[in-house]
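Below you'll find the structure, written out as structure tokens, and then a few comments.
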Amino acid sequence: MKKTLFVIACILISSITLQSCSSKDDKISREVSNILLREHSSMSATVKDGVVTLEGTAKTEEEKHAAEEEINNILNVKSVINNVVVQEPPISPEELDREANVEARVDAIMNEEKK
């Protein structure tokens, strides 16, 4: 009889603990979503057992780290896994022209040296 009561008590404690983790994750998830919608719309997140995993893109390293820092400050967040990728800005036409000119000059110098 004592063993049966002990097993039942263990099951009840386990289920309460699991529900508690789940509700904490739900609260964290809502707060993270609010932050991302307001300030980092190109990112998304998942939450499991207080660990937040960030995905998506950022324009700068500063934006990537700012999102991580904000989320780390949320109550009950244990850690943040930051998988956000910083996107390189597109190369402007002027920059492409400048690179082409440099390449042309290098080729001309190399051809002169071969002669």
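If you scan the range 38-48, which residues turn out to be modelled with pLDDT of 95 or more and among the charged types (D, E, K, R)? If the condition is that a residue be modelled with pLDDT of 95 or more and among the charged types (D, E, K, R), then 48 is the only one that fits.
Give the number of residues within the range 68-114 that are within 15 Å of residue 46 (Cα to Cα) and free of Cβ contacts under 8 Å to residues at least 24 places away in the same chain. Going through the range 68-114 one residue at a time, the tally reaches 2. Please determine, by comparing only the residues of the range 68-97 that are part of a helix (DSSP H, G or I) and either basic (Lys, Arg) or at pLDDT below 95 (or both), which one is farthest from residue 39 (Cα to Cα). Out of the qualifying residues, it is 97. When the range 22-66 is examined, which residues are found to be in contact (Cβ under 8 Å) with a residue 24 or more places away in the chain and touching a Gly at 6+ places or on another chain (Cβ under 9 Å)? Hits for the range 22-66 are 24, 25, 28, 36, 40, 43, 45.
The values are calculated or read from the model by the stated rules, or taken from the named source; none is laboratory data. Fair warning: this is a prediction, and the values are worked out from it, not measured in the lab. Every residue, glycine among them, receives a Cβ derived from its backbone with ideal geometry; neighbour counts consider all protein chains shown.
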